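Novice: The structure is given below, and queries will be raised subsequently.
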Amino acid sequence: MAGGISCICGAPLVEEVTDRGIYPVGGGALIPFRRTTDYVMCDSCLRTYDVRSLMARAETAESIESLERLAETVEEAEQG
Ligand SMILES: [Zn+2]
């Protein structure tokens, strides 16, 4: 799990982005995409985000997470 995505103002934007839709902050049902040009609005500053860019960010976060995990594994192997 990549964790939530936050707005640049610091407010949490979405709980999770998947290829089918987004999960709202604080829990709740999946909000499916109606089309690929959907936007998500920040409750605090009303900034809007392109869902596609959010998905890209979620994918990036996941890649970084798995890279960090890989690095940890290598360190453990070196120590052991
Ligand atoms: Zn905001």
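Novice: May I ask you to list the residues in region 20-37 that are of a type in the set (Phe, Trp, Tyr) and either within 15 Å of the ligand (Cβ to nearest atom) or within 20 Å of ALA61 (Cα to Cα) (or both)?
Specialist: The one that is of a type in the set (Phe, Trp, Tyr) and either within 15 Å of the ligand (Cβ to nearest atom) or within 20 Å of ALA61 (Cα to Cα) (or both): TYR23.
Novice: Please verify whether TYR49 is among the aromatic types (Phe, Trp, Tyr), farther than 27 Å from ARG69 by Cα and surrounded by 12 or more Cβ atoms within 10 Å (Cβ to Cβ), treating the condition exactly as stated.
Specialist: It is true that TYR49 is among the aromatic types (Phe, Trp, Tyr), farther than 27 Å from ARG69 by Cα and surrounded by 12 or more Cβ atoms within 10 Å (Cβ to Cβ).
Novice: Could you list, in sequence order, all residues of region 11-31 that are under 9 Å from the mean Cα position of the chain (by Cα) and not aliphatic (A, V, I, L, M)?
Specialist: Those that are under 9 Å from the mean Cα position of the chain (by Cα) and not aliphatic (A, V, I, L, M): GLU15, GLU16, THR18.
Novice: Among the listed residues VAL40, VAL17, identify the single one that is hydrophobic (A, V, I, L, M, F, W, C), buried (at least 16 other Cβ atoms within 10 Å of the Cβ) and either more than 12 Å from the ligand (Cβ to nearest atom) or farther than 15 Å from ARG57 by Cβ (or both).
Specialist: Every option except VAL17 fails the conditions.
Novice: Let me ask another. Please give the number of the condition ILE8 fails out of (1) hydrophobic (A, V, I, L, M, F, W, C); (2) more than 10 Å from the ligand (Cβ to nearest atom); (3) surrounded by fewer than 16 Cβ atoms within 10 Å (Cβ to Cβ).
Specialist: For ILE8, the exception is condition (2).
Computed from the coordinates by the stated procedures, all read-outs in this text should not be read as laboratory data. Owing to the predicted nature of the structure, the values given are computational and were not obtained by experimental measurement. Positions of Cβ are generated from backbone atoms using ideal geometry, with glycine treated the same way; all protein chains shown enter the neighbour counts.
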